[in-house]
Amino acid sequence: DQFPVANAGADELVEIGLLATLDGSGSYDPEAAGPLTYEWRDSNGTVLGTTASINVAATFATKTYTLTVTDVVGLIGSDTVDVTGLDTTPPVVTVVKPNGGEKLFVNTPYIIQWNAADLGVISFFDVFYSLNAGSTYLAVPGCGSVDGSLRSCTWALPGTATTTGRVRVEATDA
């Protein structure tokens, strides 16, 4: 008797939070003696399903899944597939303070605050200012490469006054 051939499919790259389909339908019994049974397990050994195909959620790591197929005689074949979660969606950042209409004074410290969200991990923030309604931006001194866990930085304003100032915060994924 020949062992069945398990085929867990090709490794997958999937956006974090979306489902990856693990497809073992390419598995077969070389002797075609009867139907195969299927069992999918995660790396902890937990059974996830007993059908040829299952869906798993992609996470911010590579996970290995094992497909085991058994033929009618009880012979076993196994194969693995890796699912790697990708974060291709850019972070969303909203400046909370200043939010318009504030008067900021030259060389007076001001706390810039923002909210941020991302599917994965934010590595750092860079904060910029514009004196010309956003036509050009300059880095805010002391507010570059702000740790991704923080949501504020303190700025001592430059010496140029403007009524068309803007603040922009950019996030970088880890």
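The values are calculated or read from the model by the stated rules, or taken from the named source; none is laboratory data. Note that this is a predicted model, so its numbers are computed, not measured. Glycine gets a Cβ as well: all are built from the backbone with ideal geometry, and neighbour counts include every protein chain shown. Just so you know, the surface numbers come from the protein's heavy atoms only, side chains and all, with ligands and any DNA or RNA stripped out. Shrake-Rupley method; radii C 1.70, N 1.55, O 1.52, S 1.80 Å.
Brief remarks on what is shown
- Using C-alpha pairs below 8 Å separated by at least 6 residues, the relative contact order for the chain is 20 percent.
- Accessible surface for the range 22-174, divided over its residues, is 55 Å² per residue with a 1.4 Å probe.
- For residue 68, neighbours were defined as the other residues whose beta-carbon sits under 10 Å from its Cβ, and their charges (Lys and Arg +1, Asp and Glu -1) total -1.
- Amide N of the range 85-104 lying under 17 Å from the label point, which is placed 7 angstrom from the Cα of residue 174 along Cα→Cβ: 85-92
- Between the range 105-144 and the range 36-81, the Cα center-to-center distance that results, in Å: 47
- In this simple spin-label approximation, residue 117 and residue 103 carry label points 7 Å from Cα along the Cα→Cβ vector, and these lie 3.6 nm apart.
- Cα-projected label distance for residue 1 with residue 162, points at 7 Å along beta-carbon direction, nm: 7.8
- For the range 23-105, the carbon plus sulfur part of the accessible surface works out to 53%, probe radius 1.4 Å.
- With only Cα atoms counted, the range 54-169 has Rg and Dmax values of 24.0, 84 Å.
- Between residue 59 and residue 13, the modelled labels are 2.2 nm apart [label points 7 Å from Cα along Cα→Cβ].
- DSSP beta bridges in the chain [antiparallel fraction, %, rounded to 5]: 90
- Computed over neighbours whose Cβ is under 14 Å from that of residue 98, the net charge equals +3, Lys and Arg +1, Asp and Glu -1.
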